[in-house]
Amino acid sequence: MINQDKRPRLVLTVGDPAGIGSEVVLKALADPEVTQNCDVVVVGNKILLTQVYENISKNIDNSLALVNPANLSVVDVPSAGEIIIGVGNTASGAASFAYMEYAISQTLAGEFDGIVTGPIAKSAWKAAGYNYPGQTELLAARAGVERFGMLFVGRSPFTGWTLRTLLATTHIPLRQVAEALTPQLLTQKLDLLVEYLENDLGIKNGRIAIAGLNPHSGEMGQLGTEEIDWLIPWLESERQKRPHLQLEGPIPPDTMWVKPGMAWYGNSSVKNPADAYLALYHDQGLIPVKLMAFDRAVNTTIGLPFVRTSPDHGTAFDIAGKGIADATSMKAAINLAGVSKENRKGEPIQPT
């Protein structure tokens, strides 16, 4: 356990208040194992949090405990319009954006060591006039960084092995992926991944698997030429520059996830799975992550001057308020934020 006086101080936004964010926050923080190693301050609407607590507590099994918001440290941000549970709208989008603005500003000011974000609805942000692709891009813009990445982390409940997958490109149409991928971009993403392994996890001689772009990694140019034209030469250059690392690839995308799947589910024949995986586009990386770790994966933004994690699920408006949302991913997000802050080297954020 971490010394109580030195626990990382985290700020936790509930996300869109019309979704399941409030529920999973109250369920996660009811678990003493989640809060023993970090000090958590929740940002949301206290009246709504109390309503969610009271409504769900009346209708669920006592074994599915929720913490009473009265027993939490809550920064109350009142909503400017009507919030309808299960319906994302302009008011819920404005509220979730306001929660983020507070969390980011106070973290940059040195009040918190890291941010854990609940799920938001991009459509609600847009309705409220905020045209960011997502929370990741807002965090990077406010922090003033151009080098950042979306890394997904999940720990197997079967074996304890940890899957780590970084996306080279994120929220762009599939037809734009080949144009967006460049040697410069992949070097930037690889730099971020290596820094994360070394600084947050203490892995100095990492083994990193890198996906090909085309079926069978192009099959010697028969199914696409990107591998021959630049991906293989780029990878050879990186191997020369980073002799302490084991860089494998480009691995055909249809076989890249076989070893991780075996390591996740406990096939004893798999040997030495990679420390991390670099996928070249959104679905190439996230389909296997969600197949294996849908209810427990964590989205963490690397490259920021502070730790940021988030559960890897959405607002789930269709089940909001019903008491059936799974808080496993939120618990994992809080735990990872605390561990990452403890392991991370360097000076703390200086107040501005």
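So here's what we get for this one:
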item	result
Euclidean distance of C-alpha centroids, region 83-129 and region 190-238, integer Å	34
Region 24-167 - charge dipole about Cα centre, Lys and Arg +1 at Cβ, Asp and Glu -1, debye rounded to 20	400
Heavy atoms of HIS282: accessible area, 1.4 Å probe, square angstrom to 10	50
GLU33 accessible area, assembled protein chains, probe 1.4 Å, Å²	130
Region 157-193 residues near the modelled TRP230 label - backbone nitrogen below 13 Å, point 7 Å along Cα→Cβ	177-188
Computed over region 132-220: relative contact order in percent, which uses C-alpha pairs under 8 Å that are six or more apart	18
Residues ASP31 and GLN240, FRET efficiency given R0 of 56 Å [Cβ-Cβ distance, rounded to 0.05]	0.75
Taking region 47-130 and dividing mean pair separation by its residue count, relative contact order in percent (alpha carbons under 8 Å, at least six apart)	26
Radius of gyration and Dmax over the Cα atoms of region 67-165, both given in Å	16.0, 47
Accessible surface, 1.4 Å probe, highest first, among residues MET330, MET292	MET292, MET330
Spin-label model distance (nm) - GLU54 vs PHE158, 7 Å beyond Cα toward Cβ	4.5
Carbon and sulfur %, accessible surface of the chain computed with the full protein complex present, 1.4 Å	51
Highest to lowest packing among 148-157, 251-260, scored as the average C-beta count within 10 Å	148-157, 251-260
Net dipole in debye of the chain [+1 Lys, Arg Cβ; -1 Asp, Glu Cβ; about Cα centre; nearest 20]	440
Projected label distance in nm at ALA109 and GLN222, using a 7 Å step from Cα toward the beta-carbon	6.3
Sites ASP191 and ILE84, calculated FRET efficiency, Cβ-Cβ separation with R0 45 Å, nearest 0.05	0.55
Per residue accessible area of the chain, 1.4 Å probe, in Å²	44
Contour excess over end-to-end distance, with Cα ends at ARG147 and ASN199 and 0.36 nm allotted per residue	17.1 nm
Computed magnitude of the charge dipole of region 192-309 (debye, nearest 20; Cβ of K, R +1, Cβ of D, E -1)	460
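The values are calculated or read from the model by the stated rules, or taken from the named source; none is laboratory data. Note that the structure is a prediction, hence the values are computed from the model and not measured. Glycine gets a Cβ as well: all are built from the backbone with ideal geometry, and neighbour counts include every protein chain shown. The protein model used for the area step is the full one, side chains on, heavy atoms only, and it has no ligands, DNA or RNA in it. Shrake-Rupley method; radii C 1.70, N 1.55, O 1.52, S 1.80 Å.
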